[in-house]
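Every number here is computed from the coordinates shown, using simple stated rules; none is lab data. Please read all numbers here as calculations on a predicted model, not as lab measurements. Note that we place each Cβ from the backbone using ideal geometry, even for glycine, and neighbour counts take in every protein chain shown.
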Amino acid sequence: MRFAGMKELKQKTRELLKAAEEEDIIITAHGKPTAVLHHVDADDLDDYLFENDPAFKRKIEEAWREYLGVGGTPIEKIIEDLEKRRVSQKT
């Protein structure tokens, strides 16, 4: 991981984008981190968009609240039950 200031970003954008294929680059403004250049290829783009789209996150959260509202099982309970099964299968 390396750091680059705003001036370097303006002057060497192409080089920094190329370098970001190998490692993340922290962009700083006045010595404070403000952004990260992280290489994303076509295979990663869909995952990135889903993970970072506020509208998508809202829909998932709404669906989860609705699921719990109609009597769905909280994820913590499901994990607990799976763990109990795993332990009992070992013995």
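Computed values, structure above
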read-out: Cross-link pairs 18/59; 57/77; 7/57 - those with Cα-Cα distance over 24 Å; value: 18/59; 7/57
read-out: Per residue Cα convex hull volume in Å³ - calculated over segment 42-90; value: 104 Å³
read-out: Local net charge near residue 59, Cβ-Cβ under 14 Å (Lys/Arg +1, Asp/Glu -1); value: -2
